[in-house]
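Just so it is clear, none of the values below were taken in a lab; they were calculated from the coordinates. This one's a predicted model, so the numbers in the text were calculated from it and none came from an experiment. Cβ atoms come from the backbone with ideal geometry, glycine included; neighbour counts cover every protein chain shown.
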Amino acid sequence: MIVKSAALITRKISNSLGYILSRHIQSDSNASYLRNPGSEPLTIATLGDVLAESAQKYPDRVAVRSLHEDVTLTYEELLTQADSLGCALRANGFEKGDRLGVWSHNSAAWIIATVAAARVGVISVFINPVYEKSELSFCIKKTSMKGLLIGNEIKNRNYYNKLKHLIPEIDKSKAGSLKSELFPTLNTIISDEKEKLSGVYQLNSLIDNYKNKPEISKYGSEIKPDDGSIVHFTSGTTGDPKAALDSHLGVVNNTYFVGKRNGFHQGHQKICVQVPLFHALGSVVTLLSALRHGATLVLAAPTYDIPANISAMLSEKCTAVTGTPTMYVDIITQIRDKGDLPLNLRMALAAGAPCSPQLIRLMQTYLKAHSVLALYGMTETTASVFQSMPGDSIDTVADTVGYIQDHVEVKVIDENGDPVPFGSPGELATRGYNNMICYWGEPEKTRSILSKDGWLKTGDEFTVAPDGYGRVVGRLKDIIVRGGENIAPKEIEDLLNTHPDIIESQVVGVADERLGEELCAVLRLRDGASISINDVRSHCNGHLAKFKIPRLLKITDEFPKTASGKIQKYKLRELIESDKYDDATTTTQSNDILFFRTQENTLVVPLESPLALIEDMSCINKDRVTVFFVHGYNQTVTSPEAIAILSAYIYKGDVNILLLDWAEEARYGLLGKVLGYPRAINNSEKIGEQFSAALLALAAAGLNLNKVHLVGHSLGGQLIGITGNQVRTKGGHIGRARGNFYLVTSEQSPFGKGDEGIRSNKIARSKREDTT
């Protein structure tokens, strides 16, 4: 049920523990405000309590199946080992509210530590396993950690050696008695290695030494539902990470309602864990939602490994999988290569980043899941604010991020904080049990996002509908402002992703001297595919306003991402603008651009796209336009002398518009390099008609074509002549240009005719023919 009336609403929620929650809400029926009071009451309990309840319900069911470690734990075994570790922590000086960092790849040890901390009131701090010394140092200092659990060595990742470089005192310390000058609060390091290491506890030994301790119930009784439970660091897609503290209440209920919509409560589900556990999508939506409902977690690999994940889905007969859009793109690509696979998925959930409608439909086609779901949330909202409902049509899942989560309120607001009408875009704000407590140690940043009355501003541009479903328009910080027009990249990306040769797209704004920002499409292509900017623009024409169609193009193998799979647009933008993109982790295969400026009053365009100039004419003096047309297969056009002359005309300012059409051959690379135009445009048999149409398009835009230079050979025999204001080709009269212009033929040009070479360094002007 969605409440959106103007009446004052009071709802009291109670449960078996006797706690009462009251919420008084008033809303305007015309405003973008929604509240879902939920069909079930909130659970007022701690995370340790509800995980113990799962172990009581399903003692012999497998909770964790770690294939890469060959470890299997039932629910009873998981709880027993976690309680032992929890008692070990408290016995070694940990108090309620102290922080235990977990710095590891996906492993059984991670899960044991998470449950252990929850059972004894210690706050888990989840750390990205790829963090290096400076980043790890930041996390330890930010949260004043008391202890740190590190993973065992894998591949080229040795956590212990990295830690020794950061904390050299480990070698001389006794386990549990670390004294670090750099980290004065940190005294305990626990390792998942099987061999004994200097200055650290072995995880297995701690668990064995503290089995069956009765103190566990005493520790659990100290914890309250409103206490802090988990710290997730924000992914850093917009800068430095922040430490978001989630409560037991938030985690307990978000995992319950998310798990219910995922169908984790229906029978015995097996979840393929491909997302990293340090991320909220891994820890809350996947790990803890599964344990909350008695599902089995299947860890296929320590890190992101698509072949291993697909193999696990098949061998373990997994019934559910969660992942980011990029992960599903990779899975679908592999399935296409392998052919039809006998997957047994009931549910596939996409979250962690906006998912295009095209990808949602591809997930249904290739994964053959009974249910494909979308979820929207953020680190600061524990995990979920919107999520698809069971039974939603594929169109609903593709076009929305789901239905408002139980016991959550949302509103869409303008820049003044006032709700906008339903369907109008604005910033999404949310309030509910699931909002974080704070950013650890950063009260000012907390106040900037979380108001005193509990509303959390997401920073995402959104629309909501009266039926309770939400749609992401884009990230407010990703909004591109081009010539005063606000452009949301997601709309463009969703359209680009429907192109058969494009696997994944990102659109960013790059600095432009005149427009402020220009649109650049960065694309991942299917193997063997190629695409030009003209292909991109043709795909967008008729679907997007002209100002929303990208003018710049980059082709890449990979996008810069966080370890959780979120694409870092700010890094992508920096790489493009600094011209270091080729030196990054990506490989640029094409640098096609629609036009470039050689100076303030000169535009260079491919012949095929003259119409695109019409909205970019502010730098052109329309009363006196000189057009230089370059065409030809011959060596003459690209000789050093020809390049020098052409460049001189351009940089002197005698040319307003340069139309390009030359063969895509290596020997012509010099011309492109001198002009700054990286790639040639393929020739056409109807080059004359193309050129004629280009001139007419420019004239139709209100330009007085003062002078036209034809550079190259005879234009494929298509162009017969330009007389006065008329353009003629072999096919007949094409049309009438507007205004007066000179024609400088190839015979009269400094570049000569065809292969005859350069005849003169002077322009021989034809007789001017005035027209009315």
Once both label points are put 7 Å beyond Cα along the C-beta direction, the GLU95-SER137 separation in nm becomes 2.9
From the cross-link list LYS57/LYS218; LYS174/LYS218; LYS490/LYS546; LYS142/LYS445, which pairs have alpha carbons spaced over 18 Å apart?
LYS57/LYS218; LYS174/LYS218
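Please compute the length gained on full extension between GLU40 and THR303, using 0.36 nm multiplied by the number of residues separating them and subtracting their Cα-Cα distance.
Taking 0.36 nm per residue and subtracting the Cα distance, the gain is 91.0 nm.
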Take HIS543, HIS68, HIS407 and order them by how many other Cβ atoms sit within 10 Å, fewest up front.
HIS543, HIS68, HIS407
Taking the Cβ of LYS457 as the center, what net charge do the other residues with Cβ under 15 Å away carry, scoring Lys and Arg +1 and Asp and Glu -1?
-2
Compute the relative contact order of segment 75-223 as a whole-number percentage, counting only Cα pairs closer than 8 Å that sit 6 or more residues apart in sequence.
28
Residue separation times 0.36 nm, minus the C-alpha to C-alpha distance between LYS317 and ARG157: what's the value?
54.6 nm
Just to confirm the filter: which GluC sites (Glu not before Pro) across segment 136-212 are DSSP coil and have at most 16 other Cβ within 10 angstrom of their Cβ?
GLU153, GLU181, GLU195
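Output the antiparallel fraction of DSSP beta bridges having both residues in segment 75-223, as a percent to the nearest 5. Write down the numbers at each step before the final one.
Numbers: 1 of 16 bridges.
So the antiparallel bridges in segment 75-223 amount to around 5 percent.
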Please go through segment 342-448 and write out the GluC sites (Glu not before Pro) that DSSP classes as loop and that have at most 13 other C-beta atoms within 10 Å.
GLU415
Could I have the simple spin-label model distance between SER578 and SER29, label points 7 Å from Cα toward Cβ, reported in nm to one decimal?
5.5
Which loop-located GluC sites (Glu not before Pro) does segment 44-146 contain, where loop means any DSSP state but H, G, I, E or B and the Cβ has at most 13 other Cβ atoms within 10 Å?
GLU95, GLU132
